[in-house]
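These notes concern the structure reproduced below.
Just so you know, all these numbers are worked out from the coordinates, no wet-lab data involved. The model shown is predicted, which means the values in this text are computed figures rather than measured ones. Using ideal geometry, Cβ is built from the backbone for each residue, glycine included, and neighbour counts are taken over all protein chains shown.
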Amino acid sequence: MTGPGEGKVKIDSNISIQTIDKPIPISNAEVYIHVKGYLNARVTHLDIEHEILNIIIKPKTGQFLLITGFNGGLRIRFDKPISYHDKTLIGIEVKSSILNSILKPGE
């Protein structure tokens, strides 16, 4: 987790980890649009920062995951389910209406 910095635009959002049963809300997560060319970003991308996410997806692993828009945000699907404690994790949901200007519902 790197937090704020030059070229990182913080957005208001709500985050939840998607499981095969029900979503698990994550409080105190920070979401940034990290602009290409700033702080070593090779492409513009979304930074979702929370300590639990660093356990699930190791930092600096450079994964390319399936992302789909829905009305009010986007969903990130893991390549394969991840077992964590007694849960099967399948993705992350980021609720923020500003994200629909980047990725429309259904895209």
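In the range 8-101, taking the dipole from charged Cβ atoms about the Cα centre, the farthest positive-side position among G37, F78, L89 is held by G37.
Shown for the chain: lysine pairs separated by 8 or more places, or found on different chains, whose C-alpha atoms are under 26 Å apart, numbering 29.
From least to most packed, judged by other beta carbons within 10 angstrom and beginning with the fewest, K36, K60, K87 follow the order K60, K36, K87. Sparse packing (at most 10 other Cβ atoms within 10 Å of the Cβ) combined with a DSSP loop state is found for the following GluC sites (Glu not before Pro) in the range 1-73: E6. Shown here: the chain, whose C-alpha atoms stretch 39, 28, 24 Å along the first, second and third principal axes, sorted largest to smallest. In a simple Cβ point-charge model (Lys, Arg +1; Asp, Glu -1; nothing else charged), the chain has a dipole of about 260 debye relative to its Cα centre.
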